[in-house]
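Structure first, commentary second.
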Amino acid sequence: MKRVAILISGGGSNMVRLIESMVGDHPARPVLVLSNDPAAPGLKRAQELGVPTAVVDHKLFKGDRAAFDAKLLEHLNQAEPDVVCLAGFMRILTDEFVNTFSGRMINIHPSLLPKYRGLNTHARAIEAGDEEAGCTVHLVTPELDEGPVLGQGRVPIEPGDTPEDLAARVLAVEHRLYPAVLRRFVEGDQTPIYLA
Ligand code: GRF
């Protein structure tokens, strides 16, 4: 059985979908949910689902990323994950941390990468007049929102969409894509999954 740790910063709706997927004949189980924010609503959701949680409050590290990442690593080392999933984790990780999990850490990003790395992806897609948007699951490499694509889900952008409308439409496809990619990934298959 593979062991999966999930890093979150917020609501954790993707995290919930990942946890709920790891049942029955699924080859992985969730072993830890780790947040940089003690107030992240996802922590309670994880506890309700019976998954151990931990917090490393980034505010206590006052910009010392290396020390913050070292503390994250302490928790992860105890949990001994085979795979680390970033699910709405809003801190930039040091190269050293990323390299520790090279080939074993994946992220979901709310755009059709390589378009719109970074923040405010939905507003940028609407502003650009794009006809479609979506999400990408990719292997994490030291460059932000790069790394080989493991899956993408696409949605249309409708006339008059606000960034919030689009975010909700994209989130629904994130919830289908991430569990599908995780399962394939823990089975050792990195063939990308494309959802319409
Ligand atoms: C998702 O859109 C994810 O792609 C991102 O932040 C959002 C997190 O949502 N970068 P949740 O915490 O999984 O509900």
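The values are calculated or read from the model by the stated rules, or taken from the named source; none is laboratory data. Remember, it's a predicted structure, so these values are computed and weren't measured experimentally. Positions of Cβ are backbone-derived with ideal geometry, glycine not excepted, and every protein chain shown enters the neighbour counts.
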Only listed residue being away from the ligand (no atom under 12 Å from the Cβ), more than 30 Å from ALA133 (Cβ to Cβ) and without any contact (Cβ under 8 Å) to a residue 60 or more places away in the chain, chosen from ASP25, ASP82: ASP25
LEU72 being surrounded by 21 or more Cβ atoms within 10 Å (Cβ to Cβ), more than 13 Å from the ligand (Cβ to nearest atom) and in a helix (DSSP H, G or I): yes
In segment 1-15, residue farthest from the ligand (Cβ to nearest atom) [restricted to those that are surrounded by fewer than 21 Cβ atoms within 10 Å (Cβ to Cβ) and not in a strand (DSSP E or B)]: MET1
Residue in segment 139-156 that is without any contact (Cβ under 8 Å) to a residue 24 or more places away in the chain, crowded, with 18+ Cβ neighbours inside 10 Å, within 16 Å of the ligand (Cβ to nearest atom) and on the phi < 0 side of the Ramachandran plot present: yes
Residue match in segment 169-184 (condition: under 23 Å from PRO30 (Cα atoms) and touching a Ser or Thr at 6+ places or on another chain (Cβ under 6 Å)): yes
Residue ID - surrounded by the fewest Cβ atoms within 10 Å (Cβ to Cβ), chosen from residues in segment 79-103 that are more than 16 Å from the chain's Cα centre (by Cα) and part of a loop (DSSP other than H, G, I, E, B): GLU80
Test result for ASP130, surrounded by fewer than 16 Cβ atoms within 10 Å (Cβ to Cβ), at pLDDT 95 or above and out of contact with any Pro (no Cβ under 8 Å at 6 or more places or on another chain): no
Pairs where the first residue, in segment 34-58, is closer than 14 Å to VAL4 by Cα and the second is assigned to a loop (DSSP other than H, G, I, E, B) and within 12 Å of the ligand (Cβ to nearest atom), C-beta under 8 Å, 6+ apart: ALA46/GLY12
Conditions (1) part of a loop (DSSP other than H, G, I, E, B); (2) among the β-branched types (Val, Ile, Thr); (3) within 15 Å of the ligand (Cβ to nearest atom): number failed by VAL170: (1)
Qualifying residue in segment 52-68 (condition: within 25 Å of VAL173 (Cα to Cα) and within 16 Å of the ligand (Cβ to nearest atom)): no
Output for segment 37-60, where each listed residue is under 18 Å from LEU76 (Cβ atoms) and surrounded by 14 or more Cβ atoms within 10 Å (Cβ to Cβ): ASP37, ALA40, GLY42, LEU43, ALA46, VAL51, PRO52, THR53, ALA54, VAL55, VAL56, HIS58
All positions within segment 105-114 that are surrounded by 15 or more Cβ atoms within 10 Å (Cβ to Cβ) and more than 13 Å from the ligand (Cβ to nearest atom): MET105
Any hit, segment 177-191, residues being in contact (Cβ under 8 Å) with a residue 24 or more places away in the chain and assigned to a loop (DSSP other than H, G, I, E, B): yes
